[in-house]
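The values are calculated or read from the model by the stated rules, or taken from the named source; none is laboratory data. What you are looking at is a predicted structure, and each value in this text was computed from that prediction instead of being measured. As a convention, Cβ positions derive from the backbone with ideal geometry for all residues, glycine included, and neighbour counts pool all protein chains shown.
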Amino acid sequence: MLSHEITSVVGKHKARKRLGRGRGTGVGKTSGRGHKGSRSRAGAMRLALYEGGQMPLFRRVPKRGFNNKQFARRFEIVNVSQLEGFEDGAQIGVEQLLRAGLVDDVQSKVKILGDGELTKRLQVAAHKFSKAAEQKIIGCGGTATKVGGKENKSARRKRA
């Protein structure tokens, strides 16, 4: 093969190793599996985590404590000062907060915090309010309505 005959196609597909085709091939008789032992047998597999008898990593590293992160209730935070951007007398829910870019998703749970000042009369509906936020919204003549909270078990029993 000459250098001008080499193209991108040449050498693209490497031929597979043909096992068990006689001594002269270099991979005859035991076909590169050695003599006896589990690795020489058909269907022999070893776990990817196996470290040759050494104590495996997942057993060497200590397992400690319990993490409740996956069960935590997460709220998107909106401050009272951010509500100042809405018109006076507006009704504010999760959809309006999403359109204003204050919340990432309609499914988000929203908590209103009392950081900043509020001068407008707003009707705010959210999942949670801090005491300061609730006082500031009501103090301006608006309303703070809690939406979609968990009802307690006794209330559920009474309805059924």
Positions within segment 105-118 being under 15 Å from GLY85 (Cβ atoms) and either within 21 Å of the chain's Cα centre (by Cα) or assigned to a loop (DSSP other than H, G, I, E, B) (or both), in sequence order: ASP115, GLY116, GLU117, LEU118
Test: residue in segment 62-76 that is at pLDDT 90 or above and in contact with an Asp or Glu (Cβ under 7 Å, 6 or more places away or on another chain): yes
Some residue of segment 129-142 being loosely packed, with under 14 Cβ neighbours inside 10 Å and either in a loop (DSSP other than H, G, I, E, B) or of a type in the set (Phe, Trp, Tyr) (or both): yes
Residue in segment 108-129 that is free of Cβ contacts under 8 Å to residues at least 24 places away in the same chain and of a type in the set (S, T, N, Q) present: no
Options GLY43, GLY52, GLY93, GLY101; residue that is assigned by TED's automatic domain parsing to the domain that holds ALA133 and surrounded by fewer than 10 Cβ atoms within 10 Å (Cβ to Cβ): GLY101
Residue in segment 59-69 that is surrounded by 10 or more Cβ atoms within 10 Å (Cβ to Cβ) and in the same structural domain as LEU122 (by TED's automatic domain parsing) present: no
Boolean, VAL106 is surrounded by fewer than 19 Cβ atoms within 10 Å (Cβ to Cβ), under 15 Å from VAL78 (Cα atoms) and among the β-branched types (Val, Ile, Thr): yes
